[in-house]
Amino acid sequence: MTAPSELRLLPWVGPEGKPCYLSTDDRSGYISRLADDVESAQLDFATELLDQVPDTLDDADAEPDEIRSLARDLASALRDVLRVAISRGCLLAVSDPHKL
C-alpha cells in the first residue's frame, strides 16, 4: 500500500460528493487506466464546450435557457478539469518532487 501522500485523486466523486482516491503502486492497473480514460474524456468534453462558447454567445437569437445550460456544463467541466489538474499535479510531485 502506498503512503497517504501518494494517493491518486480519481476523476469522480463518491455517492456523497466526496473525493475518491486510489492507493496503488501500479500505475498501469485497471483502475489507474480507467481513471486515465475518464480524465481524457473529461478534458475532451471541456474542449468541445469551449468550442461552443463563441457561437452561442455571438448568436443574438440564443435563448437564455441555452446560455444557462452552457454555463452549467462549463461549470461542471471546469470542476472536472480542476480535479484532473490537482490529481496530475500530485502525481508529478510524487514521481519527482524536484520537478515542481
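The values are calculated or read from the model by the stated rules, or taken from the named source; none is laboratory data. As the structure is a prediction and not an experimental result, all values here were calculated from the model. So basically every Cβ, Gly included, is an ideal-geometry build from the backbone, and we count neighbours across all protein chains shown. These accessible areas exclude ligands, DNA and RNA; they are computed on the full protein's heavy atoms, side chains included. Shrake-Rupley method; radii C 1.70, N 1.55, O 1.52, S 1.80 Å.
Near residue 72: Cβ cut-off under 12 Å, other residues only, Lys/Arg at +1 and Asp/Glu at -1. The net charge is -1. Dimensions of the stretch 4-48 from C-alpha coordinates, computed as largest minus smallest value along each principal axis and given longest first, are 34, 27, 17 Å. Taking only the C-alpha atoms of the chain, Rg followed by Dmax gives 17.0, 56 Å.
With a 1.4 Å probe and all protein chains kept in place, how do 6, 39 rank by accessible area, largest first? Numbers along the way, then the final one.
Working: 6 80, 39 0 Å².
Reading off the accessible areas and sorting them downward yields 6, 39.
Please compute the net charge surrounding residue 86, taking Lys and Arg as +1 and Asp and Glu as -1 over other residues with Cβ under 14 Å from its Cβ. Value of the local net charge: +2. Residue 76 label point, 7 Å along Cα→Cβ, cut-off 15 Å on backbone N: hits in the stretch 38-67? Zone members listed by number: 41-50, 66-67.
Calculate how steeply helix 64-95 sits against the longest principal axis of the alpha-carbon atoms of the chain, using the helix alpha-carbon long axis, and give the answer as 0 to 90 degrees to the nearest 10. Here the helix axis deviates by roughly 20 degrees. Close amide H pairs (under 5 Å, H built 1.01 Å from N) link residue 10 with 20, 21, 22, residues at least 5 positions away or on another chain. Between residue 28 and residue 60, the contour length at 0.36 nm per residue exceeds the alpha carbon distance by 6.7 nm. Scanning the chain for trypsin sites (Lys or Arg not before Pro) lying in DSSP loops with no more than 13 further Cβ atoms inside 10 Å, the longest uninterrupted stretch between such sites is 28-98. As I understand it, the value is the acute angle between the Cα axis of helix 30-58 and the longest principal axis of the Cα atoms of the chain; what does it come to in degrees, rounded to 10? Once rounded, the angle reads 20 degrees.
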